[in-house]
Amino acid sequence: MLKPYDVIVGWDIGGVQSKCACISGDLAFLSSKDMTFEIWKDPDKLSTVLEYLASDIPLSNTAMAITMTAELSDCFTTKAEGVRFVLDAFIDTFPGIQLMCLGTNERWVPVEKAMGDPINFAATNWIAAGREMARSIGDGIWIDVGSTTTDIIPIKENALYVRGRNDTNRLRFGELVYTGLIRSNPNALASRLPFRGDWYRTSNEYFALMGDCYLLLGEIDPEDYSCSPPDSGSVNTEGAARRLARLICADASLAKPEDLLPLAGYLKERQIGQIVDALYQVCSEPHVKGPAAVTGAGQSLGIQAALRTNLSILNAEAIIPDVVKKHFPAYAAAKDLAIYLSCLPKS
């Protein structure tokens with residue numbers, strides 16, 4: 001079936017990572033790209049980031065699908081201001097391109113209309129990805145553990161079966177957990193930590209990230225550490241141990257990497273426990289049931305949480321092609337827009 005555009009580009013603009021994925025009009029995957037960009041540090045560079053990410057994409061007869069989470073960054077006074085800022089960057093960077101935005105109501109609208117109702121387009125990257133999962137699993141729960149947050153999305157009859165449509169309500173209903181593999185602050189997980197046979201109260205400072213725990217435990221590689229460490233130091237076992245030691249006001253001379261393994265393991269258990277709590281809340285809603293499809297950078301954490309909640313596990317690799325795994329929300333946005341455009345009346 002002939003599609004109205006040769007190329008569809010899906011976008012996922014986050015506060016720390018910006019990603020895009022490109023498909024053909026007949027839904028074939030073409031390419032994907034990402035860039036670490038902490039938008040709050042220099043928001044005016046967003047247009048440069050967009051230009052870089054689209055630099056290898058042919059822009060003739062192209063449409064773009066825009067989703068984001070960057071609007072919550074604290075460089076913006078309100079989420080509406082953040083949405084408009086991101087959309088303005090797209091308008092300025094890609095003049096003449098058909099720009100479409102996905103709303104919390106699961107509807108695609110032109111960017112000009114989205115500018116008039118910005119709050120409806122805040123934090124929608126999970127919607128396109130959830131809709132793509134729903135097409136595949138029919139009934140179940142999609143668990144996506146990313147570098148920053150965890151999404152728990154119930155699905156019924158090939159459609160989203162969520163109670164929350166914005167992030168505030170999603171936090172309320174357990175469908176969003178602000179914990180992730182890399183960027184989560186250990187201080188939010190534990191007020192005391194085990195070390196050499198005793199419990200130590202946790203220093204309330206920005207000393208370490210959960211990525212340091214998994215680096216020390218050997219569960220991630222340095223290239224998976226997708227942000228700057230709190231001390232801007234080395235991303236290796238020694239650097240991770242140095243940062244984790246500061247959680248109990250120690251340092252590398254007082255706590256060797258091997259001494260900190262129980263501390264890191266305990267934080268991992270606390271993080272899985274947060275996901276388990278939310279899963280039990282979501283599963284207590286009538287008509288919500290498994291199995292669970294688990295994806296994301298922290299897939300292993302999601303699988304352990306699902307098993308502890310007595311959910312069977314689907315083979316997510318059979319649903320999401322490996323080539324789009326890293327940029328799945330952007331790919332899903334492109335595919336969802338392509339399907340929507342193909343259903344429009346032909347002029």
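Its Cα gyration tensor gives the stretch 55-105 an equivalent ellipsoid. The semi-axes, each the square root of 5 times an eigenvalue, are 23, 12, 9 Å from largest down.
Relative to the longest principal axis of the Cα atoms of the chain, the long axis of helix 125-137 makes an angle of roughly 80 degrees. For the stretch 5-111, the Kirkwood estimate of hydrodynamic radius, built from reciprocal distances between every pair of different alpha carbons, is 14.0 Å. For Ala292, nonlocal amide neighbours, meaning residues 5 or more places apart or on other chains whose placed amide H falls under 5 Å from its own, are Ile141, Ser312, Ile313, Leu314. In the chain, the DSSP-assigned H stretches of four residues or longer account for a calculated mean residue ellipticity at 222 nm of -9500 deg cm²/dmol, using -39500 (n - 2.57) per stretch and the full residue count as denominator.
Taking only the C-alpha atoms of the stretch 185-335, Rg followed by Dmax gives 17.5, 54 Å. The ratio of the alpha-carbon radius of gyration of the stretch 249-347 to the globular-protein estimate 2.2 N^0.38 Å is 1.58.
Rg and Dmax over the alpha-carbon atoms of the chain stand at 20.7, 73 Å. In this structure, the amide hydrogen of Ser184, modeled 1.01 Å from its nitrogen in the peptide plane, lies closer than 5 angstrom to those of Met210, Gly211, counting only residues at least 5 positions away or on a different chain.
Taken over the Cα atoms of the stretch 79-234, the convex hull encloses 177 Å³ per residue. Simple rule: put +1 on each Lys or Arg Cβ and -1 on each Asp or Glu Cβ in the stretch 245-347, find the dipole, and look at Ile248, Leu260, Cys343; the Cα lying farthest toward the positive end is Cys343. Accessible surface computed residue by residue for the chain, with neighbouring protein chains in place and a 1.4 Å probe, gives 44 Å² per residue. For the chain, modelled as a GNM whose springs connect Cα atoms under 10 angstrom apart, the maximal fluctuation among Ile39, Ile13, Ile91 occurs at Ile91. Under a model in which nothing but the beta-carbon of Lys, Arg (+1) and Asp, Glu (-1) is charged, the stretch 110-185 shows a dipole of about 120 debye around its Cα centre. The portion of the accessible surface of the chain made up by carbon and sulfur, rounded to a whole percent, is 50 (1.4 Å probe; DNA, RNA and ligands excluded). The trypsin sites (Lys or Arg not before Pro) found in the stretch 245-347 that occupy coil by DSSP, while having at most 12 further C-beta atoms within 10 Å, are Lys346. Here the dipole of the stretch 63-131 is about 240 debye; that uses its Cα centre as origin and unit charges on the Cβ of Lys and Arg (positive) and Asp and Glu (negative).
One equal scatterer on each Cα of the stretch 226-278, no solvent, Debye formula: the resulting log10 I(q)/I(0) at q = 0.16, 0.28, 0.31 Å⁻¹ is -0.53, -1.07, -1.15.
For Lys346, the lysines whose Cα comes closer than 16 Å to its Cα, not counting residues fewer than 8 places off in the same chain, are Lys3.
The values are calculated or read from the model by the stated rules, or taken from the named source; none is laboratory data. Note that this is a predicted model, so its numbers are computed, not measured. Cβ sites come from the backbone with ideal geometry, for glycine too, and all protein chains shown count toward neighbours. Calculation scope for accessible area: heavy atoms of the full protein, side chains included, ligands and nucleic acids excluded. Shrake-Rupley method; radii C 1.70, N 1.55, O 1.52, S 1.80 Å.
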